[in-house]
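These notes are about the structure you will find just below.
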Amino acid sequence: MAELLSRRIFVARSATAGAGLMLGVHLPLVGDGRVAVTASTRARAAFEPNAWVRVGTDGVLTVIIDETEMGQGSSTGLLLMVADEMDADWETAVPAPPPTDPSSWPRTISTGGSTSIRQGWDPLRRAGAAAREMLKEAAAREWGVEVSRCQIERSVVHGPAGQRLGFGELADRAALLPVPDDPPLKDPSEFKLLGRSTIRKDLRDKGAGATSFGTDLRLEGMVFAALALPPAFGARVESFDDGGARAVPGVRDVFETEDGVAVLAGDTWTALKARDALTVRWDRSTAVTHGSSSITAEATELAGRPGEAVESTGDVDAALAGAARTIEAVYECPFLEHAPMEPMNCTAVVRDGEAEVWAPTQSTTAGQRAAAQEAGVDPEHVIFHTLMVGGGFGRRLQVDYVRQAVRIARRVPGVPVQLFLDRADTTRHGFYRPYTYHHMRAGLDGQGAPIAWKHRLVGTGGRGTITGGAVPATYRFPNFHVDFHEGSWAVPVGALRSVGSTQNGFTVEAFVDELAVASSRDPYEFRREHMIDERLRACLDAAAEHGDWGRPLEPGRGRGIAAHFCFASRAAHVAEVTVDGSGRITVDRIVAVADVGFAVNPDSVRAQMEGGVAFALSFALKGSITLENGGVRESNYHDYPILGIREMPEVETFLIQGGDRPTGIGEPGVPPVAPAVANAVFAATGMRVRRLPIRFDELT
């Protein structure tokens, strides 16, 4: 019979190693919320040499993945690193989610910045190598031979006389050995799994519809919550009439919270219906009052005077004054919402002295800390379950919805509460990619070579959020200056996939195209001549070659090129577009080239590049968040559309191995897409795209 433990006792007993044990297997829930721990569950944790690796007596290798899986394939990539170093049987290697006590983990658990694979490369390979050496040592001692005479193949250690012992048979003995401090890592020539395309571990369940996400969670006694949120940023509840809400059958409670007015009900639909029946009077005395037009007006005014210097080389004003020709343009990029398919949601229960949270998040450690603050307990007294994420793109780096769920759960101690923010809530109460205004000036000498570059940005969210990717580090400009102004509009902003490079990759590469035309040079050749990053130049060359650069197109069609460096990776794209007589723009083809160093799983890299194209085209052709009276006008996919499957162009992806270790991939494939398309529109029409999303009637 299974022994019954409370979750808190279970986590306390298992400590750091036990956190991995807990996640390495399916733990059945008993009706009273306790965990049933069986003998087979314990057997799975026979060998735990470090925080990541678990080998059970059944021979299964479980790797704790301290990164959120949200469709990018990182769980498979990180598992590959460990499995290859251990020469494990890939079929019996499984990933497990992050620990439920992030405060006990050796590093902060947060997934963003295209860091999962590149930051996991060293620690996870070392973790696997340590486990490998210990298993070999255990076998060598059993057989009385030198460790060097033992070899591993597919989770079996082979001895010099034909002996064989599987990982499961060695697990107990290996667990008694000291963990090596500096185990030898494989030479890349010895890799058997890494560098080869491998089917992701998460795809089978997703394809079968068996994957569970946040709103699939059901716990005994659970209630469901919806929030009436303010119509403008910074507005607060002044008063509310809950009569209509309480009249809806199934409503349990209606009450004010720090965020708005909460409704508790027996199911999500009832909670939302009752929420919509509320009458709330909002205090707007501290609310944002801006609209999109007033933000643009302020940005235009700010751009007329010098801002805070970001980087400066040479004397850009003198160089501009002496230039044979100067080019000037203004670019604008709108606020953008992340628009993940899975709306924000979180489940929480607050008990005496502890809390438990289930959240689809990119910020496990921050989520635990936020829940602890709201529940009034220390972080180690919050059990935090990181769930599969149905789209993040940076939105789930924020933990506002975790705070909201715990605040509501405080109202009903001991009762699990699932908070669901519907699509309108998610769209109108996000953390947006900032609106930015760009005043660009450049000077050319008598031979058409660039001698000066001046870029003034206006936006909100801080220098780091606004200016990433703005400094033209990949091109040779003897005189350049980048500065920025912080706008006064108090709109919540945050990281969106590729962050500052989303807007600055567009503005820089579109303006470089203008310089090429002004110097009477081919845009590809102009870039190639003045590009100082050799690895990016190799991507540019490959994109031009595979993208049929220079091959004539029929009237009404154009081809554009762009390249960008970010997150330690390089990418270049060639786009082909058609602009018909009515001004409708169709993207026909995208050729994408990426240098991500060593591609751990090439198939996942290609998928990320293709996904980056779809993501980038959505905001290049469609995406724009507009403000009205301090609130967001858009509410759902009907007025904030994303790219449809029939609009997806043909995409060809090519990879260049530029190093022996991986660099970022989640974000580098996004920035070159919009400028490549914009430059292709110019090639087709002779008119420039200087404002996103691309609208034919705004071309100049």
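The values are calculated or read from the model by the stated rules, or taken from the named source; none is laboratory data. If you're wondering where the values come from, they're calculated on a predicted model, not measured in any experiment. Ideal geometry is used to build each Cβ from the backbone, glycine not excepted, and the neighbour counts take in all protein chains shown. Areas reflect the complete protein model, heavy atoms only, side chains present, ligands, DNA and RNA absent. Shrake-Rupley method; radii C 1.70, N 1.55, O 1.52, S 1.80 Å.
General remarks:
- For the range 558-700, alpha-carbon Rg relative to the globular expectation (2.2 N^0.38 Å, N residues): 1.11
- Label point at A473 placed 7 Å out along Cα→Cβ; residues across the range 510-554 whose backbone nitrogen lies under 15 Å: 532-537
- With helices as the sole contributors, the chain gives -9500 deg cm²/dmol at 222 nm; each DSSP H run of n ≥ 4 counts as -39500 (n - 2.57), and the sum is divided by every residue.
- Treating r as the C-beta distance of N636 and H158 and R0 as 51 Å, the FRET efficiency rounds to 0.30.
- With all protein chains kept in place, the per residue accessible area of the chain amounts to 38 square angstrom at a probe of 1.4 angstrom.
- Ordering of 632-643, 70-81 by packing [mean C-beta count within 10 Å, highest first]: 70-81, 632-643
- Derived scalar couplings between HN and Hα for the range 581-586 equal x, 8, x, 6, 9, 10 Hz in order, rounded to whole Hz, by the Karplus curve 6.51 cos²θ - 1.76 cosθ + 1.60 (θ = phi - 60°), x for Gly and Pro.
- Estimated inter-spin distance, S582 and R646, nm [label 7 Å along Cα→Cβ]: 1.3 nm
- Residue list for the range 54-69, given a label point 7 angstrom along the Cα-to-Cβ vector of E91 and an amide N cut-off under 20 Å: 55-63
- Distance between the pseudo-spin-label points of S293 and E525 (7 Å out from Cα toward the beta carbon): 4.7 nm.
- Total formal charge among the other residues, if their Cβ is under 11 angstrom from that of G112, Lys/Arg +1 and Asp/Glu -1: +1
- Take every DSSP beta bridge whose two residues both sit in the chain; close to 75 percent of them are antiparallel.
- Paramagnetic label zone (point 7 Å from Cα along Cα-to-C-beta, A424; backbone N under 12 Å) in the range 273-307: 273-278
- Equivalent ellipsoid of the range 217-356: semi-axes from √(5λ) of the C-alpha gyration tensor, largest first, are 50, 20, 14 Å.
- Computed over the range 466-537, the Cα gyration tensor eigenvalues convert (square root of 5λ each) into semi-axes of 27, 13, 12 Å, ordered from largest to smallest.
- Share of pairwise Cα separations in the range 596-649, more than 18 Å, in percent: 50 percent
- HN-Hα J in Hz across the range 490-507 - Karplus 6.51, -1.76, 1.60, θ = phi - 60°, x for Gly and Pro: 9, 9, x, 10, x, 6, 10, 2, 5, 6, x, 5, 4, 8, 6, x, 5, 5
- Computed over the chain, the convex hull of the alpha-carbon atoms projects to a mean area of 33.6 nm².
- Here the accessible area is traced with a 1.4 Å probe on the protein chains. For the chain, carbon and sulfur cover 49 percent of it.
- Scaled to the globular estimate 2.2 N^0.38 Å, the Cα spread of the range 100-153, given as radius of gyration, is 1.64.
- Cα→Cβ-extended label distance, 7 Å offset, between F191 and D317, nm: 5.1 nm
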